[in-house]
Structure formats: C-alpha cells, structure tokens
1. For region 109-131, indicate whether the set of residues that are crowded, with 22+ Cβ neighbours inside 10 Å and part of a loop (DSSP other than H, G, I, E, B) is non-empty.
2. Working only within region 94-108, note down all residues that are touching a residue at least 40 places away in the same chain (Cβ under 8 Å), surrounded by fewer than 17 Cβ atoms within 10 Å (Cβ to Cβ) and assigned to a helix (DSSP H, G or I).
3. Among the numbered criteria (1) in a helix (DSSP H, G or I); (2) touching a helix residue (DSSP H, G or I) at 6+ places or on another chain (Cβ under 6 Å); (3) closer than 25 Å to residue 183 by Cα, which one does residue 85 miss?
4. Can you give me the number of residues within region 169-190 that are in contact with a helix residue (DSSP H, G or I) (Cβ under 7 Å, 6 or more places away or on another chain) and either modelled with pLDDT under 75 or surrounded by fewer than 18 Cβ atoms within 10 Å (Cβ to Cβ) (or both)?
5. Among the listed residues 196, 234, which satisfies the condition of being over 13 Å from residue 248 (Cα atoms) and modelled with pLDDT of 90 or more?
6. Could you please give the count of residues in region 231-242 that are under 14 Å from the mean Cα position of the chain (by Cα) and farther than 16 Å from residue 219 by Cβ?
7. Is at least one residue of region 49-66 under 19 Å from residue 180 (Cβ atoms) and out of contact with any helix residue (DSSP H, G or I) (no Cβ under 9 Å at 6 or more places or on another chain)?
C-alpha cells in the first residue's frame, strides 16, 4: 500500500523537515502551503529527489473552502490519504493578553483550532475504514505552551494548543476502531521562523537559559518524533502526546 502523507504548513520549519524526512522513508507527499510558493517548490524538489511523488497545494487551512479544495485536489492527483501531519499554525504578535487585538486572537483560533479540527475531519472522512479507507495515522502539532501558558507572550496561542491536546484525545478514541491512530507532538523552543514572525526575534536568547538542556531544538529533531508516531513502530500508540522540549 502506498503511504500518502499530507503535511499542512509544509513549506518551512517543522513542516518542511517532516516532508523531507518522510520522503526519505518512502511516503508520497502532499505539501500544503499558504503564501510562499517558491519555498514549497524547493521542498517538493528535495522530496522528489528521494524518488517519491510530491505535489504542492496552496490553501489557507483556516478557511473551510480552501480545506475542501486542497483535499479534493489531493484525491485527484495522489489518491487516497493514509497519513496526516496537522501542522499549520500561527502565534500572532507577542504581547500580554490585555494588549492583544481581537483580530489576532481570532486569527490564531481560526487556524490553530477550527482549522485543525476541519483538517482532521477531512482526513477521517478518507482514512476511516467505515468510509472505505485503509486506516492510517494522524499527528497533530501541539506545543509545550499548552501547559506552560506563555504568560506575557502568547496566552491565546497556548490556549489554542490546549484545544489541540483535547482534539487529539477525543479523536484518538473515536477513530481507534476505524484503524486510525491519532497522536500529538508538543515541541518546546525550536529553531524556526515562528519567533521572528511573532514579532519577538529575541525570544530564543531569552528562553534558552530556562531550558534544562540549555539549547533549543532543531526542526529535524521534532520531525523524527513525528515520523515515529506515523510509523508502524508506533502501532499500539494512540491518544499520546509526546513532549519534545529539552526538559522544559
């Protein structure tokens, strides 16, 4: 059976690292991106160099119509989905809650929570055995922020990832009998563009001394954990949330 993996937000950071590693392990790749087509095409070329199929699909995973279009195109071009990494997410601009705009909060919830649920829904419609699927695995990307709270920085983001944790637990129980395993990975501080895009480029230097391992993680380290959960090596693992945070 061909393993077909959809990675939302796959053009950079953790998502791109997942695409590259999954391609090396023989997965066909459906790479979703929002804006940076050049970056998406670069990652796709790297995946194809591993001898696997890889298609890119533009779409905003906060928009229901975009989600439906991406999945329909995936069905047409690559076939039946077997694996999902539900990765697309944003933090919004760093600030205390009292200074955050309703627009920032709403945008984070729309993508990180509502979008993640709708993406998981579309995947389940294709992967569940009752729908003619072959089963498979879903990995939701949460964050250590869900339990740390991110006070003074991204409380709304932390709250959105708490919702992802609950989604993982419930969906794992719901889909277990359908042959679909659902797990989460909760990264800590990782070397990606997300900190600068949140308006706090100095965050890494500020937080690093608080990490027991005294360093931040690399996207490839998170990707390796995600690929484990996607694989048959994790065949009896569902409803789990693996924290990859250097001890923080």
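The values are calculated or read from the model by the stated rules, or taken from the named source; none is laboratory data. Quick caveat: nothing in here was measured; it's all calculated off a predicted structure. Cβ coordinates were reconstructed from backbone atoms using ideal geometry, including for glycine residues, and neighbour counts include every protein chain displayed.
1. no
2. First pass over region 94-108, keeping only residues touching a residue at least 40 places away in the same chain (Cβ under 8 Å): 94-97, 100, 104-105, 107-108.
Next, only the ones that are surrounded by fewer than 17 Cβ atoms within 10 Å (Cβ to Cβ) stay: 96-97, 107.
Selection gives 97, 107.
3. Residue 85 satisfies every listed condition except (1).
4. 2
5. None of the other options fit; the residue is 234.
6. Total satisfying the criteria: 1.
7. no
The rows are residues; the columns are (1) farther than 25 Å from residue 142 by Cβ; (2) modelled with pLDDT under 95; (3) part of a helix (DSSP H, G or I).
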position	(1), (2), (3)
10	no, no, no
19	no, no, yes
26	yes, no, no
38	yes, no, yes
44	yes, no, yes
62	no, no, no
